[in-house]
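Novice: Please see the structure below; I have some questions.
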Amino acid sequence: MTKIKRNAALLAASAAVLSLTAPLTATAASTPAPAGTKPLDWAKCEGSGLDPRQECATVEVPMDYSDPGGKKIGIAVSRIPSEKPDVRRGALLLIPGGPGGSSLNNPSGKGQRLPQEVRDAYDLIGFEARGLGRSAPVSCGLETGDLALTKLRPWPAPDGSVTENMVTAKRLADACARNGGELMRHISTANNARDLDRIRAALGERKVSAWGVSYGTYVGAVYSQLFPHRTDRVVLDSNDDPDHTRVARAWLAGHEQGVEDVFPEFAKWASAPGNPDRLARTAAEVRPLFLRLAARLDRESIPWPGANPAELNGNVLRQTMLDALYDPDDFPGLAQLMLAAKKGKVPPAPPSPPESVLQNVAAVGAGTLCNDVAWPKSTAVYQRGVDESRVEYPLTAGMPRNAMVCAAWPYEPKEAPVRITDRGPSNILLVQNERDVATPLAGALKLRAALGKRATMVTVNSTGHDAYLANGNACGDATVSRYLATGERPDGDTYCE
């Protein structure tokens, strides 16, 4: 995925755990993949710029796992086989972020950044989750204006009111119910995990290894909970809070702390002498400058032709700040926008994926987040949370505790969320940047605690989202690569300076 598409997936989705004794879950989770699954029909993948070795196929899965003999859908999968078959260990699932992210082209992309010994050990397996892309795609048919990130991610009004957010949530939820089709009811993390086990069976593997990133860490944790003895070596990278009472609400709330963890790094960069995009003489001046500018844009926006919405207002600036903190490489774009806005100007409108992609990603994100757990329906609940958040965390202006589409979702979850526990083999390695706006360390530590003896965690002294082979450091990368290649994990939780 390009950075633009990656951010669109994350933001359109949310931004994104069940008792094993629940009757539906126990039945569905223990339902084995069909015996004698037919071999996959591998063929050349569609699309350009792919590694010529990458091939694609389709795995048939039940739309509704409580009715395994009912309607089927196809899940698109891809692979690049092990580069050294005589040392091949098995298959490595590349589990993307989102919800709404795809790893279908990752064997050709990020998979090729893996060290040679890892590419020798595994077939690299990508896929598109149910409802996405080539896997029975869904759409809510939203109005173009409702695809704006400041609508999909629930920023309150400048005065902190959530009234309009509740109206927007109802409009989006009604569109999803009207246009999303039957599959919208069956898009969930637990079903994504069950689909992965069908992929495992279709590959002919008794066990699979996995590298899950961001939302993919939750998918990987749920898979490891539902199918613990089908897992080999599992790496969870940039980890979601596993709170089974809130699920995505906890992820959204985590942005409060995530911004607080990362903004000081932006402030240091933005005040450094010699920086062509320098905003202030000292780091301490950058936060009040940002808050003043956002408040000014709340009062008087600047027209922004070609953008969605077609103006730079306070919430668009706040959203841009949140986007930029995902990756230090994006700090200059935020600073340049702030410098232009101070002069009453805007840069060219940022590029956007095609509307059809945004519609698909938004629908998959809504289906996953809203079907995983029931959200409060009360305006008062969100207003109270927003009011508290605005006082404690002014940079995020109450957004992380606000109402999104799930506040008006017309369907009740079909099963309880998966509760992550320490039951199962000890074969999970968590890797986590210390300063991560999207999946902050505080939430990752909760996943580490939930997994108990099953996991070891390496915390990386680095800034940005996605640690392994992206925004981490050489120590963290070497630790993860060694585990995937050899199975050697640190004896205990460790810190990579």
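The values are calculated or read from the model by the stated rules, or taken from the named source; none is laboratory data. None of the values given here were measured: they were computed from a predicted structure. Ideal geometry is used to build each Cβ from the backbone, glycine not excepted, and the neighbour counts take in all protein chains shown.
Novice: Taking region 163-207 as the search range and keeping residues that are of a type in the set (Val, Ile, Thr) and within 30 Å of residue 481 (Cα to Cα), which one is surrounded by the fewest Cβ atoms within 10 Å (Cβ to Cβ)?
Specialist: Taking the candidates together, the pick is 199.
Novice: Out of everything in region 345-359 that is outside any loop (DSSP other than H, G, I, E, B) and in contact with a helix residue (DSSP H, G or I) (Cβ under 9 Å, 6 or more places away or on another chain), what residue ends up being farthest from residue 132 (Cα to Cα)?
Specialist: Result: 355.
Novice: Can you find, within region 404-440, the residue that is nearest to residue 172 (Cα to Cα) among those that are polar (S, T, N, Q) and touching a Gly at 6+ places or on another chain (Cβ under 8 Å)?
Specialist: Once the filter is applied, the top-ranked residue is 439.
Novice: I would also like to ask the following. What is the one condition in (1) part of a loop (DSSP other than H, G, I, E, B); (2) crowded, with 20+ Cβ neighbours inside 10 Å that residue 305 does not satisfy?
Specialist: Just one mismatch for residue 305, condition (2).
Novice: Give the residue, chosen from 126, 131, 141, 101, that is buried (at least 24 other Cβ atoms within 10 Å of the Cβ) and farther than 18 Å from residue 50 by Cβ.
Specialist: 131
Novice: Can you find a residue in region 436-443 that is out of contact with any helix residue (DSSP H, G or I) (no Cβ under 6 Å at 6 or more places or on another chain), among the hydroxyl-bearing types (Ser, Thr, Tyr) and surrounded by 24 or more Cβ atoms within 10 Å (Cβ to Cβ)?
Specialist: yes
Novice: How many residues are among the acidic types (Asp, Glu) and either within 15 Å of the chain's Cα centre (by Cα) or closer than 20 Å to residue 471 by Cα (or both) if we restrict to region 92-151?
Specialist: Summing the residues that are among the acidic types (Asp, Glu) and either within 15 Å of the chain's Cα centre (by Cα) or closer than 20 Å to residue 471 by Cα (or both) in region 92-151 gives 1.
Novice: Could you list, in sequence order, the residues of region 69-89 that are among the hydroxyl-bearing types (Ser, Thr, Tyr) and part of a strand (DSSP E or B)?
Specialist: 78
Novice: Among the residues that make up region 243-257, is at least one of them in contact with an Asp or Glu (Cβ under 8 Å, 6 or more places away or on another chain), over 30 Å from residue 448 (Cβ atoms) and crowded, with 18+ Cβ neighbours inside 10 Å?
Specialist: No, there is no match, as no residue in region 243-257 is in contact with an Asp or Glu (Cβ under 8 Å, 6 or more places away or on another chain), over 30 Å from residue 448 (Cβ atoms) and crowded, with 18+ Cβ neighbours inside 10 Å.
Novice: May I ask you to say which residue of 463, 494 is over 18 Å from residue 220 (Cβ atoms), at pLDDT 95 or above and surrounded by fewer than 21 Cβ atoms within 10 Å (Cβ to Cβ)?
Specialist: 494
Residues checked against (1) buried (at least 16 other Cβ atoms within 10 Å of the Cβ); (2) in a helix (DSSP H, G or I); (3) modelled with pLDDT under 95:
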| site | (1), (2), (3) |
| --- | --- |
| 34 | no, no, yes |
| 58 | yes, no, no |
| 67 | no, no, no |
| 91 | yes, no, no |
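Novice: For region 396-423: of the residues being assigned to a helix (DSSP H, G or I) and in contact with a Phe, Trp or Tyr (Cβ under 6 Å, 6 or more places away or on another chain), which is nearest to residue 364 (Cα to Cα)?
Specialist: 406
Novice: Considering only region 70-90, state which residues are among the polar types (S, T, N, Q) and more than 24 Å from the chain's Cα centre (by Cα).
Specialist: 82
Novice: Here is a follow-up. Please list, ordered by residue number, the helices (runs of 4 or more DSSP H) wholly in region 181-283 having 2 or more residues that are among the hydrophobic types (A, V, I, L, M, F, W, C) and within 22 Å of residue 399 (Cα to Cα).
Specialist: 248-270
Novice: Of all residues in region 434-463, count the ones that are over 18 Å from the mean Cα position of the chain (by Cα), outside any strand (DSSP E or B) and polar (S, T, N, Q).
Specialist: The total comes to 0.
Novice: Now a separate question. Scan region 112-132 for residues that are over 23 Å from residue 61 (Cβ atoms) and not acidic (Asp, Glu) and jot them down.
Specialist: 112, 113, 114, 115, 116, 118, 119, 121
Novice: Let me ask another. For region 208-215, does any single residue satisfy the condition of being surrounded by fewer than 22 Cβ atoms within 10 Å (Cβ to Cβ) and modelled with pLDDT of 95 or more?
Specialist: no
Novice: Do you know which residues across region 122-150 are touching a Gly at 6+ places or on another chain (Cβ under 8 Å) and either assigned to a helix (DSSP H, G or I) or farther than 17 Å from residue 356 by Cα (or both)?
Specialist: Of everything in region 122-150, those that are touching a Gly at 6+ places or on another chain (Cβ under 8 Å) and either assigned to a helix (DSSP H, G or I) or farther than 17 Å from residue 356 by Cα (or both) turn out to be 122, 123, 124, 126.
Novice: What are the residues in region 151-169 that are in a helix (DSSP H, G or I) and of a type in the set (Lys, Arg), if any?
Specialist: Across region 151-169, the qualifying residue is only 151.
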